[in-house]
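Report on the following structure.
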Amino acid sequence: MSTPGLSALVVVHDEEGQLADCLERLAFADEIVVLLDACTDRSRDIASRYTDRLVEGAWSLEGERRNAGIAACRGPWILEVDADERVPGPLAREIREVVETTSFDWHEIPVDNYIGEKLVRWGWGASYGKAAYPGLFRKGVKVWGGQRVHPALTWSGRKGPALTTRLEHYVDRGISDMIRRLDSYSTARARDLRDAGDIGTLAGNVRRLFSRFFKCYVLRKGHREGGYGLLIALFAGLYPLLSYLKARLEDE
């Protein structure tokens, strides 16, 4: 198509182990755009086997690189996925139907999260994993904020009903990956806090530890997942406290 109706966007940094499996599931889109952020592995070679719509560069902020990817998409509709996510066939068909029939401007997509090969459905949230995300939208209605991790979103359109079919998200390979992700996220968040000039308080972040744990373990039913649910709730609670302590005690 000279003018695509649906663009699939994947923003990557050194994702040679995941990228091919992700891109193979996006053939239903009218174009695939891959933004390569300072990649030093084989990500470019892999992406070029699936699309010639490559955007290369280096961005220090997650929000900036995601906005650059959105700007490169030519379709009026954009599906935004990450390299560790897979679009199963039923979801692909639902996405096409929604794009062709909806009168709304953006839709959330429910997510099935996997740790290794285990499906872990309950307990995600509070900035540590996602049970759903606003991944299908008209171009121009979604703008990412200028943060390093979990950028804020600004919307200018109408939210439609969530899709019913789930995206597959291979979020971590195991507990060690979960710990590394907590360390990486909290380090990036600490930099955002320092840049904002307001890192919060120790007391406030200790309270958030307990409130976030309760939200994930009880309200979002993480207790149904056994030990993994306990870890998700614990890490969700620790995330803001670790970010605060890194911002306060460590140098940039």
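Read-outs: derived from the displayed coordinates by stated rules, not from any lab. Keep in mind that what you see is a predicted model, and the values were worked out from it rather than measured. Please note: Cβ atoms are built from the backbone with ideal geometry, for glycine as well, and neighbour counts cover all protein chains shown.
Which residue, chosen from L202, C216, A236, occupies the Cα position most advanced towards the positive end of the dipole of the range 175-249, where the dipole is computed from +1 (Lys, Arg) and -1 (Asp, Glu) charges on Cβ about the Cα centre? It is C216, whose Cα lies furthest towards the positive end. Normalised by the number of residues in the chain, the mean separation of alpha-carbon contacts (under 8 Å, six or more apart) gives a relative contact order of 19 percent. The alpha-carbon atoms of the range 1-118 define a convex hull whose volume equals 117 cubic angstrom per residue.
The convex hull around the C-alpha trace of the range 200-252, projected and averaged over every direction, spans 3.8 square nanometres. Taking a straight Cα-Cα cut-off under 28 Å and skipping sequence neighbours fewer than 8 places away in the same chain, the lysines within cross-link reach of K118 are K130, K215, K221. The eigenvalues of the Cα gyration tensor, multiplied by 5 and square-rooted, give the chain an equivalent ellipsoid with semi-axes of 30, 21, 18 Å from largest to smallest.
Packing around the peptides 173-180, 141-148, 7-14, taken as the average count of other Cβ atoms within 10 Å per residue, puts them in this order, highest first: 7-14, 141-148, 173-180. Here the dipole of the chain is about 1080 debye; that uses its Cα centre as origin and unit charges on the Cβ of Lys and Arg (positive) and Asp and Glu (negative). So what does log10 I(q)/I(0) come out to for the range 113-252 at q = 0.13, 0.19, 0.21 Å⁻¹, using the Debye formula with one equal point on every Cα and no solvent? Here the Debye-derived log intensity ratios amount to -0.65, -1.21, -1.31. Restricting the calculation to alpha carbons of the range 65-118 gives Rg and Dmax of 13.2, 38 angstrom.
Please list, by residue number, everything in the range 143-185 whose backbone N is under 19 Å from a paramagnetic label point 7 Å out along Cα→Cβ of T101. Label zone hits: 159-167.
Under the combined filter of DSSP loop state and at most 16 neighbouring Cβ atoms within 10 Å, the range 88-139 retains these chymotrypsin sites (Phe, Trp or Tyr not before Pro): F104. Among beta bridges identified by DSSP and lying wholly in the range 6-172, the antiparallel ones come to about 40 percent. Helix screen, the chain: DSSP H segments with Cα axial length of 20 Å or more and mean Kyte-Doolittle hydropathy at least -1.0 are 175-196, 227-249. Distance from the Cα centroid of the range 44-95 to that of the range 223-243 is 29 Å (rounded to whole angstrom). Assuming R0 = 30 Å, can you tell me the calculated FRET efficiency for the pair R207 and T164, based on Cβ-Cβ distance, to the nearest 0.05? FRET efficiency, R207 to T164: 0.25. Loop-located trypsin sites (Lys or Arg not before Pro) across the range 20-121 with a Cβ neighbour count of 13 or fewer within 10 Å are R49, with loop assigned by DSSP. For the range 81-124, GluC sites (Glu not before Pro) are listed when DSSP marks them as loop and at most 12 other Cβ atoms sit within 10 Å of their Cβ; the list is E117.
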